[in-house]
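Participant: Sharing a structure below in structure tokens format, with a few things to ask.
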Amino acid sequence: MKSIRGKILIGFVGASVLVFSVLAVILYIMVGQAVQPIIHDMSNQILNARASELGRVMENAVKSVKSYSNNDMVKTLYWGMVSNTLENELKSNDIFDAFFLSGLDGQAYGTGGLLFDVSTEGYFDSIINGSEVEITKPYISAQTGKAVFNIVVPIVNYSLSGVFGGIISIDKLVEIASQINIRGGYGWIADNTGLVIVHPDQSVMLKMNLYKGKDFGFTDLDKFVKDIFSGKSGFSFVNNEKTGKSVIMYSPVPSTPNWVLGITISAKELTKDADKITYTIVLIILAILFVFVLVSFMIGNTISRPIKKLSGAIDEFGKGDLTKTFVSKSKDETGKMAISLNQMAKNLRSTMTSVNTAVKDITASSTDLASVSQESGAAIEELSSQVETISMNTLSAAVSVEEVTKGVEEISNKSQKIADSSKELESIARSTLESSIKGKDSIKSIAASINEVVKQSQSNETDVKSLAENAGSIEKIVNTINGITEQTNLLALNAAIEAARAGDAGKGFAVVAEEIRKLAEESKKATHEINDILTVIKEKSESANKATSVTAGMIKNIDGETQNTFKQFEDIEKKVQNINTMINNLSHSIEEQSLSTQEITNAINNVAKTVKEISDQVKDANSAISNQSSGAQQVSSSASILAELSDKLLEQISSFKV
């Protein structure tokens, strides 16, 4: 696009798109950095709380089994005595599915009529070899067909006399794991061998081993298994061939043989809030960009419309239509330029009208001069035919002829002056044309300066609007983070209150509340980091001030160019005045030529009277007549040349419409 409007639109929109794109990327990164750590920390806090809860359940279960093993009736190893007591305990206990005891021979008796041999079990050998408690791997119960695991402790009656165990259904653990619901994720539990013992998918539970995650679509899980069973909480990003990228968060379960409680969350769900914020920001930026495009289009029209009208009028004026007027309703530089152009057109029309009138007068005078010359030639011919009849005084004839000769010479000189004046008039006309061209160039320079001013104004407007948008965006981000901080503080307060109510059992929740309080402090730090954006805003303000200074300098240049234009127009006016002076001189010469012609006429009359009286000097009279005829021809030729020059000048002037 070569128009001013097109340049404004392209420059304004291009700069806006670039600034807003960079701003959107920065905001996306900052929102992700601010929101994702908060989600990770909150998820870890919840996961650790559930792991602690599961640890307490396991700890209570171990304590219960140890308590039963210390029962005096159990120490007797007499099943008939303790069976009823244990059956009653099962009814009031919601953790265990069955109890069993065995002597050192490995023959075990259990509630519900269970009878089996435990001497070949690994946990039996561990207890015999001095282990205080054994938690077995999950297995499928032959009686119920459900997945269960055992908690086994020794029976000591002064010395090791047997083992006592409690059977717990995996369903108890499934209930705890299923209560973990963070952003659509699911909970799971793995034992120290990597076997997944709790999972919402029955096709995975007791079948998937974390060390062999590739068999279940987890292509890179084996890289993080050691970290999962390191005894510390953490998280890892893994890829699944079916579900895509996910986040695995894990925490060790206390009071277990290095069991791990974990949760798997889709990476998309984890970044969902950040994406929503980003999408909202993008929509706002697009809306603002649309407004910028509309505003730049309107500004371009406002600036280019009057300039375009003036440009069209200048083109027609340059083609010779001096009647063209320059109209501009604005009061800015464009309006001042239109006023100057109108004044120039008025002066030039007046000058060309005067020149046209003078040329017409010259043409008329040349015609009259040619007519007089022709009449003089006719008179000389008549005089020549009557030479034979001349008989008058030769002295008077000679004097008269001499006067005629002087008059003719004077006419010739005046004719030459007229020719010279015409040439000078033509030269001045050319100089006037060159001055007009220079005036046009100055006007073009003014237009170029105005373009620069427009571009700089666009830069100022872009910086200022960018400053406003940055401030608005920062305010939104600060509000979002402050909202999260307030909610976090409220959560910490509620957790602390609940922990206080729970007493010793709520110590774990007190730890969670303290961690959440720390999280709130970190959120405040994130708010301080946003102050960096305010520094960028200040820099944008300084850039806008510099751009304003540059604009002021350009406006001064425009004033200088305008002064040059006025000087060119003054030069044109002076040259036009010179043309008027030359025309006046030309008029005076014509008047003098008319007087000389009159003198010639009088002299010829005297000659005619004298020649009648002269008869004996015919030869001298013939010579004088020849000279007079030659002078008349020269006058006629000069008059013709002057007429041609006047016609050419008139033809050039006629190309201008005044």
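Participant: Would you check if Asp220 is touching a residue at least 12 places away in the same chain (Cβ under 8 Å) and surrounded by 18 or more Cβ atoms within 10 Å (Cβ to Cβ)?
Facilitator: no
Participant: Also, quick follow-up: Could you please find all residues in segment 84-114 being among the aliphatic types (A, V, I, L, M), part of a loop (DSSP other than H, G, I, E, B) and modelled with pLDDT of 90 or more?
Facilitator: Within segment 84-114, the first condition is being among the aliphatic types (A, V, I, L, M), and the residues that meet it are 86, 90, 95, 98, 101, 104, 108, 114.
Now narrow it down to the ones that are part of a loop (DSSP other than H, G, I, E, B): 95, 104.
Leu104 - this is the single residue of segment 84-114 that is among the aliphatic types (A, V, I, L, M), part of a loop (DSSP other than H, G, I, E, B) and modelled with pLDDT of 90 or more.
Participant: Please find, among Thr120, Thr85, the residue that is of a type in the set (S, T, N, Q), in contact with a Gly (Cβ under 9 Å, 6 or more places away or on another chain) and more than 30 Å from Phe235 (Cβ to Cβ).
Facilitator: Exactly one of Thr120, Thr85 is of a type in the set (S, T, N, Q), in contact with a Gly (Cβ under 9 Å, 6 or more places away or on another chain) and more than 30 Å from Phe235 (Cβ to Cβ), namely Thr120.
Participant: Which of the residues that make up segment 63-76 are of a type in the set (Val, Ile, Thr) and surrounded by fewer than 19 Cβ atoms within 10 Å (Cβ to Cβ)?
Facilitator: The answer is Thr76, and nothing else.
Participant: Going through segment 139-157 one residue at a time, which ones are outside any loop (DSSP other than H, G, I, E, B) and over 14 Å from Ile127 (Cβ atoms)?
Facilitator: Within segment 139-157, Tyr139, Ile140, Ala147, Val148, Phe149, Asn157 qualify.
Participant: Hey, among Ala471, Ala513, Ala547, which residue is of a type in the set (A, V, I, L, M, F, W, C), modelled with pLDDT of 65 or more and in a helix (DSSP H, G or I)?
Facilitator: Ala513
Participant: Between a first residue in segment 345-364 that is closer than 23 Å to Thr325 by Cβ and a second residue that is β-branched (Val, Ile, Thr) and surrounded by fewer than 15 Cβ atoms within 10 Å (Cβ to Cβ), which pairs have beta carbons less than 9 Å apart while being 6 or more apart in sequence or on different chains?
Facilitator: Ala345/Thr323; Ala345/Thr325; Arg349/Thr323
Participant: Looking for something out of contact with any strand residue (DSSP E or B) (no Cβ under 9 Å at 6 or more places or on another chain), assigned to a strand (DSSP E or B), of a type outside the set (Phe, Trp, Tyr) and closer than 21 Å to Val118 by Cβ - is there at least one such residue anywhere in segment 158-176?
Facilitator: Yes: segment 158-176 contains one or more residues that are out of contact with any strand residue (DSSP E or B) (no Cβ under 9 Å at 6 or more places or on another chain), assigned to a strand (DSSP E or B), of a type outside the set (Phe, Trp, Tyr) and closer than 21 Å to Val118 by Cβ.
Participant: I would also like to ask the following. Specify which of the listed residues (Ala49, Ala147, Ala61) is touching a helix residue (DSSP H, G or I) at 6+ places or on another chain (Cβ under 7 Å), closer than 30 Å to Ile516 by Cβ and not aromatic (Phe, Trp, Tyr). Working first, answer last.
Facilitator: On the way: Ala147 fails: closer than 30 Å to Ile516 by Cβ; Ala61 fails: touching a helix residue (DSSP H, G or I) at 6+ places or on another chain (Cβ under 7 Å).
Only one candidate qualifies: Ala49.
The values are calculated or read from the model by the stated rules, or taken from the named source; none is laboratory data. Treat the numbers as computed from the prediction; the structure is a model and nothing was measured. Positions of Cβ are generated from backbone atoms using ideal geometry, with glycine treated the same way; all protein chains shown enter the neighbour counts.
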